[in-house]
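Undergrad: My structure is below; once you've seen it, I'll send some questions.
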Amino acid sequence: MANIAISLEETNKIRISLGLKPLTDEKAPVADKEKEAEENYAKAREKENKARKEKALRDKIAKIRNRQELNTKLEGKTLGSLENDDGDTKAWIKKSKKIVKEIAKRRQKELEEMDNQFQESYGEDDLTGLK
């Protein structure tokens, strides 16, 4: 038997003349799909790398900002500072007790103000419906 081979184009011409759908080249779309998959994978990798770099940069900026905030908080006198002009321990204790009393007075004033505001806002309208 003789092998008779005709090309895809010739086969499609014959199929169209008979009223049938033409055949498609299945090998070409596979290659396109593979290329598309490779491109999508490359794009996904690029996005991941870009996201990692951005995250590393954001972390670095946050770290620097945090360090700056900590440095600004430490600008006042500290316990270990040598410039402490309190002569002795008794003077330091008296000074610290005085500061504690001032803080307690401020807190007491704030609490009294909050109580007054609450009492002013609480009136007869709030008691309606009670027996």
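Where a number appears in this text, it was derived from the coordinates with a stated rule and is not lab data. Note that the structure is a prediction, hence the values are computed from the model and not measured.
Undergrad: Apply the Karplus parameterisation 6.51 cos²θ - 1.76 cosθ + 1.60, with θ equal to phi minus 60°, to every residue of region 50-60 and state each ³J(HN,Hα) to the nearest whole Hz, in sequence, with x for glycine and proline.
TA: With coefficients 6.51, -1.76 and 1.60, one gets 4, 5, 4, 5, 5, 5, 4, 5, 4, 4, 5 Hz.
Undergrad: Further question on the same structure: Can you run phi through the Karplus equation (6.51, -1.76, 1.60; θ = phi - 60°) for region 98-106 and list ³J(HN,Hα) in whole Hz, with x for Gly and Pro?
TA: 4, 5, 4, 5, 4, 5, 4, 4, 4
Undergrad: Same structure, new question: Per-residue HN-Hα couplings for region 33-46, Karplus 6.51 cos²θ - 1.76 cosθ + 1.60 at θ = phi - 60°, whole Hz, x for Gly and Pro?
TA: Working through the residues one at a time gives 5, 5, 5, 5, 4, 5, 5, 4, 5, 5, 5, 5, 5, 4 Hz.
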